[in-house]
Structure formats: C-alpha cells, structure tokens
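Input: a single structure, listed below in structure tokens.
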Amino acid sequence: MKKLRLGVQVLYTILTNGYVYGFLHGKIYQGKLKYVCVPGLNCYSCPGAIASCPIGALQALLNQRGFTVPFAVLGFFFLFGSVLGRFVCGWLCPFGLAQDLLHKIPVFKKRKRLPMHHILKYGKYLVLVFLVCVGSMFLFGGFAKFPAFCKYLCPSGTLLGALPLLGGNSLLRSQIGALFFWKLGILIAVMILSVKVYRPFCQYLCPLGAIYGWFNRFSLVQVHWEETQCSFCGACQRACPVGLSAKEISRSPECIRCGKCIEACPRECLGFLARKEKTEIQK
C-alpha cells in the first residue's frame, strides 16, 4: 500500500506538472488544457502545470464583475468529492506529496497534530470562506485585485509556481517585492513544520481539503470498517497519521484515505472494499 500510494503520487505529479519547456524557459503553459481542472492543488502559474487548480478556477469565476453562480466548478467539486472524497488529498495532490516527503526526514520528534487541534482544524474552513469566497467576490471592491488565496497564502503556488518562474526569468526577479517574501515565509514555515507535524497545511489551512472533507461521509471511495470483526486493539489509530480511531476513519473530514490503517489492522477488518465486496470478487 505504501509503495503503491507513493508511486501514484509521483506519477500524478509528473503527469500534471510535466511541461518541461516551461521549467527550462520560465514560461507558463497556456494551451487548451489549461481550461481543464485537475482534482488536487495545481497552480495555474506553475511553469510545469498543464491544467488548472480547481480552487484557482473557483476564485477566477467569483472574481468576475457581476455575481454569477460558478456551476461548472461546483459541479467539478461534486463529481470528484462524491466519488473520491479526500482520497484526492491522500493520493493525488502534489503539495501533499511534498509534505509527506518532508515528514520522512529523520529529525525532530514527530507529531500527528498541533496543540489545540480541535480548534485549529477549522482554519481551512475559514480560509475557504474568507479568502477563497469572500476575498474573491469583492475583488473589484479593492480587497485583493487578484484571487486572495493565491495571492496571500497558497504555499503550493510559491513552491511550484513562483520559485521556478523566478529561477528561469530574470525580468521577474527584478520585480520581487514584499508580497513575495511574505509568501516565501509562509512556504518556509509550512515546510519546516511539515518535518515535525504530519501535513500541517492539509490539516489546518487547505480550502480544497475543506471542500472534499464535506464529501467523506458518503463518497464512493471509503475505508470500510467491519466492527463485528474488530478487537479494538487500537493499531489503526496508532498507524493513522492524524490519529483517527476505527469509528472515525474514512467518515471523518480529516481522513485522507492513505491506507495506513488498513496495513496496520491485524484482523483485516479495515479495507477499501467491504467484506461482502471482497467475497464477491473472490467468487
């Protein structure tokens, strides 16, 4: 499971950010594929990105003069949310992969959560409401003059977009200002924190995780728990990177379907397939 997940994460990142010409020349791909969204964070301004970020697309539609309901992006979220839920976060998001790799660095005593987690976990919903939605809707009122989440917070955009562009474009380097250093500071803070705490951006700040988390309870991809077979040994909770119990796994908005609980369960009472589905497949 661990190797499969890492392979999928790497392959997905390469496929969605594989525009090599952009990295070499500091240019952004602007072909027809940029009109298409991919499920995970995928900064439009990344020189390697061949498609768009759904959060960026949502903000762009909300930024238009005269409010219109962004049905296309809402439909996109409903489709991928109802099918995958936060499986997108665990298996498909490039910035999630970056945090996973940083957390593997063997320094610091590892933590699953920050202190006051029960309060801080709602931070991503505040970001969704006030930066992605409110900040974008009032663009022409002078609040942001650019999608607010992308402009002021998103560390993925800084890592995969701003830094590669600056590295390949001397004109952009001459225009660096205070805003870039603010965003760079956020990125550095998230990266350092990621070494100690599992996926801090995903747990506390990511608006995309907030959206997909709403679908976790009823999405098609679930981690099924066979309660009658469970000995309540706690192995799954110890293995879960965010400390969820057997009752919380999968249905919790915090579950990213990483599969670590499935590997850890000694009685095989957790799985992406329910026991009935396993039996039918075996037959």
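From the P(r) of the chain, can you give the percent of Cα pairs sitting at distances over 34 Å?
Values: 8535 of 39903 pairs.
Taking all Cα-Cα pairs of the chain, the fraction more than 34 Å apart is 21 percent.
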Query raised in the report: With the other protein chains left in place, how much accessible area per residue, in square angstrom, belongs to the range 1-75 at a 1.4 angstrom probe?
Result: 56
Query - Amide H contacts of ARG111 (H built 1.01 Å from N, under 5 Å, at least 5 apart or other chain) - result: VAL197, TYR198
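With a 1.4 Å probe and all protein chains left in place, how much of the accessible area of the chain comes from carbon and sulfur atoms, in whole percent?
Working: 9980 of 14630 Å².
On the chain, the fraction of accessible area on carbon and sulfur atoms equals 68 percent.
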Report summary line: To the nearest 0.05, the calculated FRET efficiency linking LEU171 and PHE272 through their beta-carbon distance, R0 being 45 Å, is 0.40
Query - Pairs beyond 20 Å (Cα-Cα), from LYS2/LYS104; LYS110/LYS247; LYS2/LYS112 - result: LYS110/LYS247
Requested in this report: Could you let me know the centre-to-centre spacing of the range 194-273 and the range 12-63, using Cα atoms, in angstrom?
Outcome: 29
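Within a Cβ distance under 15 Å of GLY18, other residues only, what is the Lys/Arg minus Asp/Glu net charge?
On the way: positive: LYS27, LYS34; negative: none.
That works out to +2.
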Requested in this report: Leaving out ligands and nucleic acids, note down the accessible area per residue over the range 146-283 with a 1.4 angstrom probe, in whole Å².
Outcome: 49
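Note the full-extension length gain between ALA178 and ARG217 as 0.36 nm times their separation in residues minus their Cα-Cα distance, in nm to one decimal.
Values: separation 39, 0.36 × 39 = 14.04 nm, distance 4.17 nm.
Using 0.36 nm per residue and subtracting the Cα-Cα distance, I get 9.9 nm.
The values are calculated or read from the model by the stated rules, or taken from the named source; none is laboratory data. Here the structure is a predicted model, which is why all the values come from computation and not from measurement. FYI the Cβ positions are ideal-geometry reconstructions off the backbone, even for glycines, and counts take in every protein chain you see. Please note that ligands, DNA and RNA were not included when accessible areas were found on the heavy atoms of the full protein model with its side chains. Shrake-Rupley method; radii C 1.70, N 1.55, O 1.52, S 1.80 Å.
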